[in-house]
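The values are calculated or read from the model by the stated rules, or taken from the named source; none is laboratory data. Remember, it's a predicted structure, so these values are computed and weren't measured experimentally. Cβ atoms come from the backbone with ideal geometry, glycine included; neighbour counts cover every protein chain shown. In case anyone asks, the SASA skips ligands and DNA or RNA and just uses the protein heavy atoms, side chains included. Shrake-Rupley method; radii C 1.70, N 1.55, O 1.52, S 1.80 Å.
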Amino acid sequence: LVERFHDDFGKAVKIWDTSDTGGAEWTNMADAPWEGGAADFTPDSRALVMGGFEGAASISDIKSGNRVATFGARSGDGEVAWTDLSNDGQLLATAEWDGPVDVWEASTEEHRLTVGADSVDGWVGEVEWSRDSQVLAIVFNYSDRSDVVIVDRSGAELGTITEAAGNLISSVSFSPDGRLLATTHEGIERVDPSQMNATIWDWKRGEVVRTIETSANVVVFDPTGTRIATARR
């Protein structure tokens with residue numbers, strides 16, 4: 001479990017042992033270069049991918065806290081709010097709030113491609129690789145609607161899902177086989193807990209497979225693809 005901590009007294013990234021025999025703080029990465037934005041483990045659990053406020057993202061070793069890779073700043077100096085490293089560990093997607101979305105070679109730190117304009121007419125809501133690392137879902141939020149654009153590893157657009165007018169997509173999650181995409185949404189002008197359902201899409205066809213009546217703005221598929229978990233934050 002990774003916990004981000006930032007206040008007037010300083011900043012740190014804490015890692016916790018959540019096993020049955022653990023439950024205590026495992027390490028405190030007080031000198032980690034995290035300055036805000038996203039933070040998540042690499043697939044091998046040996047390092048953390050972290051966003052920052054200078055238009056760049058970084059990967060740091062969790063034992064030493066040392067930065068081992070830096071990505072950016074190519075597109076600006078704002079906060080890198082979203083990062084996602086593909087499960088094969090090869091490609092890192094990063095995004096500032098107002099775009100664009102950049103994809104980097106994780107091993108060489110080289111910029112590979114850009115998705116979207118340098119400044120979107122709205123804001124980026126999330127980036128999420130499929131579990132087979134073949135496609136990337138990007139949430140683009142606008143003043144009146146929300147789109148999920150799905151691209152392949154070359155940046156070619158494969159499909160787009162558009163949420164019903166008046167709603168913003170708040171979370172996305174691919175099924176393990178990559179065929180389905182689960183989303184949650186909330187109102188633009190007013191957040192109505194009774195209208196925060198989860199939707200499962202066949203994203204290639206742009207069709208709704210199932211709507212689950214709940215009250216959530218977070219969703220994730222389980223590893224079997226037979227269940228989803230939802231929550232509110």
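I want to confirm something. Restricting to region 118-164 and keeping residues that are assigned to a strand (DSSP E or B) and touching a Ser or Thr at 6+ places or on another chain (Cβ under 6 Å), which single residue is farthest from Arg205 (Cα to Cα)?
Of the residues in region 118-164, the ones assigned to a strand (DSSP E or B) are 123-129, 135-141, 146-152, 157-162.
Among the residues that remain, those that are also touching a Ser or Thr at 6+ places or on another chain (Cβ under 6 Å) are: 129, 147, 149.
Working: Trp129: 19, Asp147: 14, Val149: 13 Å.
By that ranking, first place goes to Trp129.
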Enumerate the pairs (first residue in region 205-226 and modelled with pLDDT under 95; second residue anywhere and in a loop (DSSP other than H, G, I, E, B) and of a type in the set (A, V, I, L, M, F, W, C)) with beta-carbon separation below 9 Å, excluding pairs fewer than 6 apart on the same chain, so at least 6 apart or on different chains.
Asn217/Val191
Out of the residues in region 37-63 that are at pLDDT 80 or above and of a type in the set (Gly, Ala, Ser), state the one that is most open to solvent (accessible area, probe 1.4 Å).
Ser45
Yes/no for Glu109 being acidic (Asp, Glu) and part of a strand (DSSP E or B):
no
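Considering region 125-145 alone, what residues qualify as being open to solvent by less than 20 Å² (accessible area, probe 1.4 Å) and modelled with pLDDT under 90?
Of everything in region 125-145, those that are open to solvent by less than 20 Å² (accessible area, probe 1.4 Å) and modelled with pLDDT under 90 turn out to be Gly125, Asn141.
Name the residue, out of Trp97, Trp34, that is at pLDDT below 85 and out of contact with any His (no Cβ under 9 Å at 6 or more places or on another chain).
One residue alone meets the criteria, Trp97.
Collect the residues in region 208-230 that are within 18 Å of the chain's Cα centre (by Cα) and either surrounded by 15 or more Cβ atoms within 10 Å (Cβ to Cβ) or assigned to a strand (DSSP E or B) (or both), keeping them in residue-number order. Write out each step before concluding.
Kept after step one, since they are within 18 Å of the chain's Cα centre (by Cα), are these residues of region 208-230: 216-223, 228-230.
Of everything in region 208-230, those that are within 18 Å of the chain's Cα centre (by Cα) and either surrounded by 15 or more Cβ atoms within 10 Å (Cβ to Cβ) or assigned to a strand (DSSP E or B) (or both) turn out to be Ala216, Asn217, Val218, Val219, Val220, Phe221, Ile228, Ala229, Thr230.
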Picking from Arg153, Arg205, the residue that is under 24 Å from Pro43 (Cβ atoms) and either over 16 Å from the mean Cα position of the chain (by Cα) or surrounded by fewer than 21 Cβ atoms within 10 Å (Cβ to Cβ) (or both) would be Arg153
If I go through region 40-63 residue by residue, how many of them are closer than 17 Å to Glu128 by Cα and among the hydrophobic types (A, V, I, L, M, F, W, C)?
5
By residue number, the members of region 181-202 that are under 17 Å from the mean Cα position of the chain (by Cα) and either surrounded by fewer than 21 Cβ atoms within 10 Å (Cβ to Cβ) or not in a strand (DSSP E or B) (or both) are none
